[in-house]
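Written out below as structure tokens is the structure these notes cover.
The values are calculated or read from the model by the stated rules, or taken from the named source; none is laboratory data. As the structure is a computational prediction, the values presented were derived from the model and not from experiment. Note that each Cβ is placed from the backbone with ideal geometry, even for glycine, and that neighbours are counted across all protein chains shown.
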Amino acid sequence: MYKLMNMKKYKIKVLLVDDDVLLGNAITRELDERGYEITFLNSVYGVDEAIHRLSPDVLVLDVEIGKENGIALAYDLYAGNPSLPILFISSHHEEKLKEESLLFAGAVAYLDKPFSVNLLSAHIDRFAHKRIGISPANNKLLQKVGNGLLDLKNRALLTESGNIKELRPMEFNILKKLVAHFADFVSREDIFYAAWEGQSDYYNDQSLNNYIRRLRILLEENTDLEIHTSRGMGYKLNERSN
């Protein structure tokens with residue numbers, strides 16, 4: 001366990017294993033710019049040695065690495081490193097494969113390719129923070145949203161069940177505004193301004209309605225919150241009534 005006094009300076013260590021060199025280099029560059037300490041391997045050879053040498057906080061592993069089976073590799077790695085979070089990434093979207101990776105190989109999550117770096121980063125942060133001892137209460141980049149958490153860094157909603165829901169930029173801006181004024185109405189004009197960050201040339205009534213509708217569905221399915229609408233008053237985020 002790392003000392004709390006060193007948390008702010010600590011860089012999350014990520015080991016990425018993927019035979020797609022172009023994708024691996026792109027992910028490495030993006031995560032490096034975000035402040036992670038990342039090591040990229042494009043084959044399975046040396047993975048076990050790298051884990052013992054680097055002590056990564058998260059292992060990001062492709063399901064298929066050349067002719068090698070990433071799930072079988074993860075099973076062996078998990079046996080020797082049970083506390084290491086293994087995050088699978090793959091272009092294979094079959095549910096059976098996902099179940100096998102999560103149940104058989106001890107993975108914490110499975111991301112379908114293509115995915116955004118924000119979504120990958122949100123998963124890395126969530127599981128790395130558990131490993132190194134950062135609780136949500138001590139993380140200023142996580143804001144409580146009902147029984148969930150709003151990831152301010154990665155524009156994502158972390159649900160009580162452990163799922164991570166990526167938000168579009170406009171959805172994130174709207175939700176952040178509603179959270180800041182929880183249980184109070186926010187005028188439609190202020191929601192417009194927050195969503196488009198003051199860029200009035202881009203205001204669009206139908207687009208705003210669509211974003212609000214998507215947020216309503218997201219919150220209904222994943223939290224104990226709901227968005228109320230009142231003509232002339234605007235929108236209000238509140239606990240869902242039973």
Query - Of all residues making up the range 149-170, the number that are farther than 24 Å from residue 135 by Cα and touching a strand residue (DSSP E or B) at 6+ places or on another chain (Cβ under 9 Å) - result: 0
Query raised in the report: In this structure, is residue 10 within 19 Å of residue 130 (Cα to Cα) and in a loop (DSSP other than H, G, I, E, B)?
Result: yes
Query raised in the report: Taking the range 52-75 as the search range and keeping residues that are charged (D, E, K, R) and over 19 Å from residue 99 (Cβ atoms), which one is surrounded by the fewest Cβ atoms within 10 Å (Cβ to Cβ)?
Result: 67
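To keep it simple, each residue is scored yes or no on (1) modelled with pLDDT under 95; (2) closer than 17 Å to residue 169 by Cα; (3) outside any strand (DSSP E or B); (4) among the acidic types (Asp, Glu).
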{"residue": "189", "(1), (2), (3), (4)": "yes, no, yes, yes"}
{"residue": "193", "(1), (2), (3), (4)": "yes, yes, yes, no"}
{"residue": "197", "(1), (2), (3), (4)": "yes, yes, yes, yes"}
{"residue": "206", "(1), (2), (3), (4)": "yes, yes, yes, no"}
{"residue": "209", "(1), (2), (3), (4)": "yes, yes, yes, no"}
{"residue": "214", "(1), (2), (3), (4)": "no, yes, yes, no"}
{"residue": "220", "(1), (2), (3), (4)": "yes, no, yes, yes"}
{"residue": "236", "(1), (2), (3), (4)": "no, no, no, no"}
{"residue": "241", "(1), (2), (3), (4)": "yes, no, yes, no"}
Report task. Say whether the condition of being surrounded by fewer than 12 Cβ atoms within 10 Å (Cβ to Cβ), in contact with a strand residue (DSSP E or B) (Cβ under 7 Å, 6 or more places away or on another chain) and over 26 Å from residue 102 (Cβ atoms) is met by at least one residue in the range 175-186. Result -> yes
Report task. Scan the range 149-168 and give yes if some residue there is surrounded by 18 or more Cβ atoms within 10 Å (Cβ to Cβ), assigned by TED's automatic domain parsing to the domain that holds residue 84 and touching a residue at least 60 places away in the same chain (Cβ under 8 Å), otherwise no. Result -> no
**Report entry** Counted residues, the range 137-189 - those being charged (D, E, K, R), within 18 Å of residue 120 (Cβ to Cβ) and in contact with an Asp or Glu (Cβ under 8 Å, 6 or more places away or on another chain)
**Finding:** 3
Query - Matching option when the condition is out of contact with any Asp or Glu (no Cβ under 9 Å at 6 or more places or on another chain), among the small types (Gly, Ala, Ser) and either over 26 Å from residue 35 (Cβ atoms) or at pLDDT 90 or above (or both), among 90, 101 - result: 101
Requested in this report: Identify the residue in the range 202-226 that is in contact with a helix residue (DSSP H, G or I) (Cβ under 8 Å, 6 or more places away or on another chain) and not hydrophobic (A, V, I, L, M, F, W, C) and, among all such residues, is surrounded by the most Cβ atoms within 10 Å (Cβ to Cβ).
Outcome: 211
Query raised in the report: Is at least one residue of the range 84-97 surrounded by 15 or more Cβ atoms within 10 Å (Cβ to Cβ), under 20 Å from the mean Cα position of the chain (by Cα) and among the β-branched types (Val, Ile, Thr)?
Result: yes
Query - Residue satisfying all of: in the range 14-51; in a helix (DSSP H, G or I) and among the small types (Gly, Ala, Ser); surrounded by the fewest Cβ atoms within 10 Å (Cβ to Cβ) among these - result: 26
